[in-house]
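J.: One structure coming up, written as structure tokens, with questions to follow.
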Amino acid sequence: MQDRQTVTRGMRDYTSGRLWGMDCVCVLSRIGKVAAAATVSTLIERFGVTHVLFTGVAGSVDKRVKVGDIVVADALVQHDMDARPLFPRFEIPLLGQERFASDLHLTDSVALAAGEFLAAGLGGIGESDRAAFGLDRPSVHRGLIASGDEFIHRGERHAALRQAFPDLLAVEMEGAAVAQVCFEFGLPFAVIRTISDGADEGAPLDFMQFIERVAARYAYGIVERYCASGRG
Ligand code: ADE
């Protein structure tokens, strides 16, 4: 990052500067919906960002979506929101909606960057890691992501989520909170996730290894292509 400056607020380091020609503020949100919402609120209110791009990993809940694939959210839902009987299950109270649509232009641009990253050979991830994680011609998917303060690692929770949201592709713990805050502030956002696990019994082990060896390279490679493309 050029002209880099770091400011620490609320246990997070916000690093501002120019990234492949684009003015950016980068920060690790920490884990869960509250952490993500607090981080995005600070990005908006203190740093004046105009767009939000959220990256990270997710568990797959669709057989077609494999470890190493990329899911770009068209819409996000909070699977742990339940204010019944005051409001319908999954509806965000006072907003009258269950799903938040991501910004189409930003999402298209990021999905293109993700496809380019995969086509260009996975940012130098070596043969042994490709074999270890079964990264075999990974692909980009678009669709619904569900977020909640829960790491999904049991078959019955996986099945319950699939039943509640038949079109669900992946689960994680932040995206829909980012989506709600961006919706409330009227900011365009996109959420892009690399699949680290199958949201089943093997998830905890797969998740930790994947984070260390694969996920960061995906995020770097995709953001690089997105920023450098000038597609905005
Ligand atoms: N992020 C990555 N994998 C996940 C899972 N299985 N559940 C929730 N968040 C995740």
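The values are calculated or read from the model by the stated rules, or taken from the named source; none is laboratory data. Computed from a prediction, not measured in an experiment: that's the story for all the values here. We place every Cβ from the backbone using ideal geometry, glycine too, and count neighbours over all the protein chains shown. To get the accessible areas, we keep the full protein, side chains included, count just its heavy atoms, and leave off ligands, DNA and RNA. Shrake-Rupley method; radii C 1.70, N 1.55, O 1.52, S 1.80 Å.
J.: Rounded to the nearest 5, what is the percent of antiparallel bridges among the DSSP beta bridges in the chain?
T.: On the way: 20 of 40 bridges.
Beta bridges within the chain, antiparallel portion: roughly 50 percent.
J.: In sequence order, what are the phi-derived ³J(HN,Hα) couplings for the stretch 152-159 according to the Karplus relation 6.51 cos²θ - 1.76 cosθ + 1.60 with θ = phi - 60°, rounded to whole Hz, with x for glycine and proline?
T.: 7, 9, 10, x, 6, 5, 4, 5
J.: Consider a paramagnetic label point 7 Å from the Cα of Glu116 along Cα→Cβ; state which residues of the stretch 218-232 have an amide N under 13 Å from it.
T.: Backbone N within reach: 221-232.
J.: Right, another one. In debye to the nearest 20, how big a dipole does the chain give about its Cα centre with +1 on each Lys and Arg Cβ and -1 on each Asp and Glu Cβ?
T.: Numbers: 24 positive and 30 negative charges, 51 e Å.
The dipole magnitude comes to about 240 debye.
J.: Could you order the peptides 195-206, 57-68 from most to least packed, using the average number of other C-beta atoms within 10 Å per residue? List each step's numbers first, then the result.
T.: Numbers: 195-206: 19.1, 57-68: 20.7.
Peptide ranking by packing, descending: 57-68, 195-206.
J.: By per-residue mean of other Cβ atoms within 10 Å, what is the highest-first order of 25-33, 123-131? Mind dumping the intermediate values first?
T.: Details: 25-33: 17.0, 123-131: 12.4.
In decreasing order of mean packing, 25-33, 123-131 become 25-33, 123-131.
J.: Right, next: Calculate for the chain the 222 nm mean residue ellipticity that helices alone would give, adding -39,500 (n - 2.57) per DSSP H run of length 4 or more and normalising by residue count, nearest 500 deg cm²/dmol.
T.: After summing the helix terms and dividing by the residues of the chain, the value is -10000 deg cm²/dmol.
J.: What are the residues whose amide H is under 5 Å from the amide H of Glu98, where those residues sit 5 or more places off or on another chain and H is modelled from the backbone?
T.: Ile92
J.: Continuing with this model, one more query. From the C-alpha gyration tensor of the stretch 52-229, pull out the three semi-axes of the equivalent ellipsoid (sqrt of 5λ each), sorted largest to smallest, in whole Å.
T.: Working: eigenvalues 146, 82, 26 Å².
Taking √(5λ) for each Cα gyration eigenvalue gives 27, 20, 11 Å.
J.: Then there is this: Based on the Cβ-Cβ distance from Met208 to Leu94, what FRET efficiency comes out when R0 is 30 Å, to the nearest 0.05? It would help to have the intermediate numbers written out before the result.
T.: Details: r = 38 Å, r/R0 = 1.25.
Taking R0 as 30 Å, the efficiency between Met208 and Leu94 is 0.20.
J.: Send over a whole-number figure in Å² for the accessible area per residue of the chain, probe 1.4 Å. All intermediate terms of the calculation are to be shown ahead of the outcome.
T.: Values: 11270 Å² over 232 residues.
Result: 49 Å² per residue.
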